[in-house]
1. Arranged by the count of other C-beta atoms within 10 angstrom, fewest first, what order do Tyr123, Tyr27 take?
2. If amide H atoms are built 1.01 Å from N in the plane of the peptide, which residues on other chains or at least 5 residues away come under 5 Å of the amide H of Tyr27?
3. Quote to one decimal, in nm, the extra length available between His67 and Ala184 on full extension: 0.36 nm per residue of separation minus the C-alpha distance between them.
4. To make sure I understand, if each residue's beta carbon is the centre and we count other beta carbons within 10 Å, what order do Val230, Val52 fall in, fewest to most?
5. Residues in the range 192-209 near a label at Val230, defined as backbone nitrogen under 18 Å from the 7 Å Cα→Cβ point?
6. Calculate one ³J(HN,Hα) per residue across the range 140-147 by plugging θ = phi - 60° into the Karplus curve 6.51 cos²θ - 1.76 cosθ + 1.60, and present them in order as whole Hz with x for glycine and proline.
7. So, with +1 on the Cβ of K and R and -1 on the Cβ of D and E, and no other charges, what is the size of the charge dipole of the range 110-182 about its Cα centre, to the nearest 20 debye?
8. Nearest 0.05, what FRET efficiency do Ala204 and Gln170 give at R0 = 51 Å with Cβ-Cβ as r?
Amino acid sequence: MTTPSPQPSLTSLPRLEDLPQTGDGAYEPEGVREAFESFRRHSLQLQAQLRVLQAAGKTASVDPTGHAVRMDALHLIRAAAEFADALERDAQNASAAQLGRTEVEVTRRQRELQERERQIDRYREESERQRNEILNAAKAEARELLATSNRDANAEVREAEARGARLLEQSRHQATELTNAARAEVEQTLEWARAQAGAILARAQHGAEQLLTAAGLGSEALAEVSEAIVGAARASAEESRGRVPVPPPARTQPPIAAAPEPAPPVTPPTAGEPPTEEPPTEEPPVSGPPVTPEPPTSPAPEQGEDAS
């Protein structure tokens, strides 16, 4: 009876516990590749042994024992089950890791979206604040311009009123000066006319007295005639001034003498004596009308006031 040749040792199958893992619980890609490579080598070795056994069966009628076949089948089944479990766990871990990464990414995107919304809100608030500041500044500037315009207008109105008051006061002052000058001139002219009238009356009265004296009338007749002449002269003067003449006071007529008194005899001058001449009566000087000086004109308003 022939003894079977010893079989070469097979490559050990990888175990799930021996696979390296990352920090998040997933398997490392390099460890998974090495495990698949070991399983592939193990399956190739099994196939090689199977072919050797088949070749040996053709040359020699040596049948493999049932125990060896069963052990090989059990090894294959166990390796396939472990491989399926490893694949399932790897898929679960990969899906869990992918789900975790997706959740982290979603959370990060949500945080970014919230941060973006907060930035938009801050930008909106800043825009509203700047708009309100600009609007308030424009309103304040408009109010300031309006107040400045009102102040300028009020100042112009007050200045115009003051200038008008000054011009009115100046006009009143000039009118008062002109009125006073005209009144003074009229009074001077009136005084001059009165003085001239008095001089003319005195001269006429003096001439009448001389004439009446030369005619030989008495003192009473002389006074009556003089009074009549003076009254007529005053009446003509009053009429010339446009006033109502004041009638002279009524005088009682003196009784008329039956016959005038004889004039004293005039002794004719002798041949040796020259005739006596009466001294000529001095006539009062007649002066011309007074000349009134021009009233002082008030100074013209300053050019600055007219320009304003």
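Read-outs: derived from the displayed coordinates by stated rules, not from any lab. Fair warning: this is a prediction, and the values are worked out from it, not measured in the lab. All Cβ positions, glycine included, derive from the backbone under ideal geometry; neighbour counts span all protein chains shown.
1. Ascending Cβ contact count within 10 Å gives the list Tyr123, Tyr27.
2. Correct list: Thr22.
3. 25.1 nm
4. Details: Val230 16, Val52 13.
If I rank by nearby Cβ atoms, fewest first, I get Val52, Val230.
5. Taking a point 7 Å out along Cα→Cβ of Val230, the residues of the range 192-209 whose backbone N falls under 18 Å are 194-209.
6. So the Karplus estimates, Gly and Pro as x, are 5, 5, 5, 4, 5, 5, 5, 5 Hz.
7. 80 debye
8. Details: r = 50 Å, r/R0 = 0.98.
It comes to 0.55.
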